[in-house]
Ligand SMILES: CC(C)(COP(=O)(O)OP(=O)(O)OC[C@H]1O[C@@H](n2cnc3c(N)ncnc32)[C@H](O)[C@@H]1OP(=O)(O)O)[C@@H](O)C(=O)NCCC(=O)NCCS
């Protein structure tokens, strides 16, 4: 799959997988691998795994690796496309700085192209790593804080919504899955979760990258006993003194809220902010623009404590991506597209949108004139395609180049009602 003077990249056999895991853990600075090996391997297909071997030693020890999940990602309009979720990219400290990352990414992208993925997506440990490989920020997340005793909601919460705590995990998974899927379809960028994924989120045994360990599951029910939203949360903090009796100052840490409509989101938020003993709510993985912020009686008591990139996207199959989106406007634009790694993907595309749907055709460079197209690379498209950034903004900083008319047309086509959001960590 690729080699340099000192490293070789290949798809490992099952028997080598333990050694790959060990090298991945070494790269991430984890002395113990915990229960990661085996517990999640069924979600990482063998043909999507990668290893790096050090060829300067006779026994060619494994010094790095990566794997990918097979996901479906929602796009504007509610359809979904297959994407590869790259994870575990890591190289042992003894082999870093020798081009291993580039080898892993190139091999992963080739595997994804072979598998017919519309894009590769990932969550970056460091945000300076992936733009050079054609990834752009596709979704962002925020952490919101609320002083619960200082603020109430402006409007009364619907009496028709009741909140219940669900302690039976298998009953909870069924309800949560249905609510989550409906929320994901309503907003682009969400990663659908398979039934196998849920036990990692609702895991009472350990806190991990995928889930927060033991948490309360609060489910909102609409009239007719229909589950319409949920929140996962736990309480944290101290009770004021060592003896456990004193000035109570707890926080409620909310790891997830999903709701099928704003009424359900408000009902859950109201419930969370009125919990006994709690003075502060921390919504740790949240959209940058939750609707609840429009309903605060004292809006400044709810503030965005942090905001960061969440999921990066690297386009691979442009007709599949463009063709699955429902567009808010009509128009036609020529895109002179540049891919940093694959010459075969550098192409001129004609995007003609009518009735919300696009016809996507390859075109010839000879049709390009100074004022009829936009030019961009895959990292720029990765951040534009779901609507995270606007084309006019990227044009103002030279990341998109083109005539004013073509840039504005692209901008209108990719300006969606909702900002993209994904709350699945992978
Ligand atoms: C990230 C990691 C895989 C990079 O490994 P590496 O062996 O240094 O990678 P390479 O030698 O192939 O470097 C490729 C390029 O990335 C750059 N790079 C490496 N680490 C970087 C960092 N932390 N930030 C920005 N750029 C970085 C290199 O300078 C090089 O750039 P160039 O092509 O312009 O010369 C390695 O540091 C690691 O395993 N880190 C711990 C685990 C981790 O964070 N993994 C990423 C998970 S998303």
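The values are calculated or read from the model by the stated rules, or taken from the named source; none is laboratory data. All of these numbers come straight from a predicted model, not from anything done at the bench. When we count neighbours, we look across all protein chains shown, and the Cβ atoms used for this are built from the backbone with ideal geometry, even at glycine.
Filtering the range 296-316 to residues that are outside any strand (DSSP E or B) and buried (at least 19 other Cβ atoms within 10 Å of the Cβ) leaves only 316.
Among residues of the range 107-130 being within 8 Å of the ligand (Cβ to nearest atom) and buried (at least 16 other Cβ atoms within 10 Å of the Cβ), the one that is farthest from residue 426 (Cα to Cα) is 130.
Evaluating residue 128 against the criteria (1) without any contact (Cβ under 8 Å) to a residue 12 or more places away in the chain; (2) more than 30 Å from residue 313 (Cα to Cα); (3) not in a helix (DSSP H, G or I) leaves one unmet condition, (2). Residues of the range 84-106 that are surrounded by fewer than 24 Cβ atoms within 10 Å (Cβ to Cβ) and either without any contact (Cβ under 8 Å) to a residue 24 or more places away in the chain or away from the ligand (no atom under 12 Å from the Cβ) (or both): 97 alone.
Scanning the range 203-242 for residues being touching a residue at least 24 places away in the same chain (Cβ under 8 Å), over 19 Å from residue 71 (Cα atoms) and crowded, with 18+ Cβ neighbours inside 10 Å gives a total of 15. Within this structure, residue 68 fails the test of being crowded, with 24+ Cβ neighbours inside 10 Å, under 16 Å from residue 189 (Cβ atoms) and within 16 Å of the ligand (Cβ to nearest atom). Here residue 77 fits the description: in a loop (DSSP other than H, G, I, E, B), touching a residue at least 24 places away in the same chain (Cβ under 8 Å) and surrounded by fewer than 23 Cβ atoms within 10 Å (Cβ to Cβ).
Within the range 168-218, the set of residues being on the phi > 0 side of the Ramachandran plot and at pLDDT 95 or above comprises 189 only. For residue 330, the conditions (1) at pLDDT 95 or above; (2) surrounded by fewer than 17 Cβ atoms within 10 Å (Cβ to Cβ); (3) within 28 Å of the chain's Cα centre (by Cα) all hold with the exception of (3).
Counting only residues that are closer than 17 Å to residue 47 by Cβ and over 27 Å from the mean Cα position of the chain (by Cα), the range 13-31 holds 4 of them. When the residues of the range 131-142 are filtered to those that are crowded, with 18+ Cβ neighbours inside 10 Å and within 12 Å of the ligand (Cβ to nearest atom), the one that is farthest from residue 312 (Cα to Cα) is 133. Screening 289, 298 for residues that are at pLDDT 95 or above, assigned by TED's automatic domain parsing to the domain that holds residue 218, out of contact with any helix residue (DSSP H, G or I) (no Cβ under 9 Å at 6 or more places or on another chain) and under 19 Å from residue 143 (Cα atoms) leaves exactly one candidate, 289. Here are some residues: 170, 151. Which one is more than 12 Å from the ligand (Cβ to nearest atom), farther than 21 Å from residue 260 by Cβ and out of contact with any strand residue (DSSP E or B) (no Cβ under 7 Å at 6 or more places or on another chain)? Checking each option against the conditions leaves just 170.
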